[in-house]
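The values are calculated or read from the model by the stated rules, or taken from the named source; none is laboratory data. Keep in mind it's a predicted model, so treat the numbers as computed, not measured. Here the Cβ is made from the backbone with ideal geometry for all residues, glycine too, and neighbour counts use every protein chain on show. SASA here: full protein model, heavy atoms, side chains in, ligands and nucleic acids out. Shrake-Rupley method; radii C 1.70, N 1.55, O 1.52, S 1.80 Å.
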Amino acid sequence: MRRTLTVILILLFAISQAKALIVEIDIKGEINQGTVELVKQGFDLAEREKAQAVLIVLDTPGGLLSSTKEIVSMIMNSEVPVITYVPKGAFSASAGTIILLAGHISAMANGTCLGSATPVGLSEEEKNKTINYVASYLESIAEARGKPKEIVRKFVTEGLSLTAREAYEKGVIDVLADSREELFEKVNGWKVNVNGKVIKLHLKGERIVKVSNSLKSEIEGLLSNPIVVFLLLLVGIYALIIGFSTPGIGLEVFGIVCLILALFGLHAINFDYLGLVLIIIGAILLFLELFTPTHGILAVASIVFIVIGSVMLVKEPLMPKDFYRSFLYLVAGMSLGMASFMSYAVIKIFQTRKMKVRVGEVVGEVGEIIEFSNGNGFVKVRGEIWRCKSDEELKKGDEVFIVRREGLTLWVKRKS
C-alpha cells in the first residue's frame with residue numbers, strides 16, 4: 001500500500017512539473033495558400049500532441065481573401081485555444097488584422113499597430129460591395145470574440161489603424177506583452193471558451209514547438225502568388241500556340257502543364273473574369289493571325305487585348321496597397337514585352353512553315369549548313385532553320401537532300 005502511494009505521488013509530481021506544449025506558427029509576408037497549408041500543419045500537430053495552446057505570430061501586410069478566410073475558419077473551429085500575437089518590430093494590417101482578432105486571445109507588443117483593412121484594387125462599385133462584405137465578416141468575428149464591433153468595422157470602412165496601446169485600451173485586443181514569456185505569464189490561468197467548452201490555460205514552464213514550412217506549403221505559396229499565376233497563364237497560352245504551329249517540338253505539352261498550374265493559382269485568388277476573357281481573346285486573335293493575311297493587324301490587336309486583360313486580371317481586396325502599385329507596372333510591362341516578342345516569333349514560324357520545300361531538293365553539305373547529332377538536328381533552307389531527321393549516320397561534308405516533310409520537320413538522306 002505504501003509503495004503504491006509512493007508511485008502515485010511520484011507520477012503526480014512528474015505531471016505537475018511537465019512543461020506545457022505550445023505550437024507556434026509564424027505568419028510572415030503576404031498571406032496565400034502556402035500560409036493556409038502551414039497553419040493546417042500547426043493545428044494538426046497541436047491536436048495530435050494535445051497542446052495547451054496554438055500561438056500564431058503575425059507580421060503581415062495582408063494577402064489573399066480566400067486564404068484568410070480558410071485560416072480564420074481553422075481558428076474559429078479549433079479544439080485547442082488559439083493565441084494570436086504581434087511581436088515587437090512587426091505589424092498586422094488588412095488580412096492580418098482579421099486573423100489577429102479571430103484568436104481566443106489576441107495580443108500585441110508595445111510599438112506595434114493593427115488595422116487598415118479597407119479593400120483595394122477594385123472599381124468603385126466593386127469596392128462598395130466588398131467593403132460591406134468584409135466589414136460584416138469582421139464584425140461577426142468581433143461579436144464571437146467579444147470585441148467592440150463599432151470600432152472593428154472602422155478598420156474596413158474608414159481604414160482605421162490603432163497602436164497596440166490604443167487597441168488594448170479600446171478592448172480590441174486582450175493583452176499587451178513585449179515578449180512571448182511575458183505573454184504566457186499574463187495569460188496563464190485564463191479561462192477561454194473553445195467551442196462551448198471552458199478551458200483553463202496552464203502555460204507555466206512552456207515548451208514551444210515551431211512549425212516549419214514544408215515543401216507542399218512552399219509550392220502552394222508559389223503557385224498562389226498572383227504574379228506567378230499571371231506568368232504561367234501567359235507562357236502556357238503562347239506555348240500552346242507555338243506547339244500547335246510546330247508539331248513535334250513538344251511545346252504543347254509544356255503549355256498544358258503551365259495552364260494546369262495557372263488554373264490551380266486562379267482557384268486560390270480572386271480574379272476578374274473579364275480580364276481572363278480578354279487574355280483568351282488576345283490568344284485567339286494571335287492564332288487567327290497565323291491563317292489570315294492581315295499583315296500583323298490581328299497580332300497588334302492581340303497584344304492590346306492581352307495587356308489590358310493582364311492588368312485587370314487580379315482582384316484581391318486584402319492585398320497591400322504596395323502590391324497593386326508594383327503589380328500594375330510589372331504586369332503591364334511584362335505582358336507587353338512578352339506578347340510582342342511571342343507574336344513576332346509565332347508569325348515568323350508560320351512564315352517559315354509556308355515555304356515551299358521540294359522533295360529531292362539538295363540542301364547542302366553537313367557542317368556548313370547543318371547541325372546534326374544522332375540522327376537529329378537542324379538544316380537551313382533558303383536562310384531559314386528547319387528541324388531535320390535522318391535514318392542514317394551523316395558525316396561532315398556529306399551532301400544531303402530532302403526525302404519528305406512533316407510540318408516543320410524535314411527527313412533528309414545522304415546524296416549517293
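Once you list every other residue whose beta carbon is under 13 Å from the beta carbon of Val192, what net charge do they have if Lys and Arg are +1 and Asp and Glu are -1?
+2
About the Cα centre of the range 163-269, how large is the charge dipole given +1 on each Lys and Arg Cβ and -1 on each Asp and Glu Cβ? Please answer in debye to the nearest 20.
Charge dipole of the range 163-269: 500 debye, to the nearest 20.
With a 1.4 Å probe and all protein chains kept in place, how do Asp398, Asp44 rank by accessible area, largest first?
Correct descending sequence by accessible area is Asp44, Asp398.
Using a Förster radius of 51 Å, what is the FRET efficiency between Asp178 and Phe341 based on their Cβ-Cβ separation? Nearest 0.05, please.
0.45
What is the dipole size for the range 47-125, taken about its Cα centre, with +1 at each Lys and Arg Cβ and -1 at each Asp and Glu Cβ, in debye to the nearest 20?
For this selection, approximately 280 debye.
If amide hydrogens are placed 1.01 Å from N in the peptide plane, which non-local residues have theirs closer than 5 Å to the one on Ile208?
Those lying under 5 Å, H to H, from Ile208 are Ile22.
Report the extension gain between Lys200 and Glu150 in nm, rounded to one decimal, defined as 0.36 nm multiplied by the number of residues separating them, less their alpha carbon distance.
Using 0.36 nm per residue and subtracting the Cα-Cα distance, I get 15.1 nm.
Could you calculate the contour length gain from Ser140 to Glu49, that is, 0.36 nm times the residue separation minus the distance between their Cα atoms, to one decimal place in nm?
Stretched fully, the Ser140-Glu49 segment lengthens by 29.7 nm.
What length, rounded to one decimal in nm, is gained on full extension from Arg387 through to Val300, with 0.36 nm per residue of separation minus their alpha-carbon distance?
28.5 nm
Assuming R0 = 51 Å, what is the FRET efficiency of Leu330 and Asn376, from their Cβ-Cβ distance, to the nearest 0.05?
0.85
Using a 1.4 angstrom probe on the protein heavy atoms only, line up Lys321, Lys315 by accessible area, largest first.
Output order, biggest surface exposure first: Lys321, Lys315.
Would you work out which of Ser106, Ser66, Thr130 lies farthest towards the positive end of the dipole of the range 55-151, given +1 charges on the beta-carbon of Lys and Arg and -1 on that of Asp and Glu, about the Cα centre?
The residue sitting farthest along the positive end of the dipole is Ser106.
Which Cα, out of Val307, Phe244, Leu183, lies furthest along the positive dipole direction of the range 171-316 (beta carbon charges, K/R +1, D/E -1)?
Sorting the options by dipole projection puts first Leu183.
Work through the residues other than Ile306 whose Cβ is under 15 Å from its Cβ and net out their charges, Lys, Arg +1 and Asp, Glu -1.
Neighbour charge sum, excluding Ile306 itself: -2.
Would you mind getting the accessible area per residue of the range 207-259, heavy atoms of the protein chains only, 1.4 Å probe, in Å²?
47
Would you calculate the separation in nanometres between label points at Lys216 and Val253, each defined as 7 Å from the Cα along the Cα-to-beta-carbon direction?
Between Lys216 and Val253, the label points sit 2.8 nm apart.
In square angstrom, rounded to the nearest 10, how much accessible surface does Val187 have for a 1.4 Å probe?
0
How large is ³J(HN,Hα), in whole Hz, for each residue of the range 313-325 in order, when computed from phi with the Karplus curve 6.51 cos²θ - 1.76 cosθ + 1.60 and θ = phi - 60°, using x for Gly and Pro?
Listing the rounded values in order: 4, 8, 10, 9, x, 9, 6, x, 4, 4, 4, 5, 5 Hz.
Lys and Arg at +1, Asp and Glu at -1: add these up for the other residues within a Cβ distance under 10 Å of Glu139 and post the number.
Combined, the nearby Lys, Arg, Asp and Glu give +1.
What is the calculated FRET efficiency for Lys415 to Ser123, with r their C-beta to C-beta distance and R₀ = 60 Å, to the nearest 0.05?
Computed FRET efficiency for Lys415 and Ser123: 0.35.
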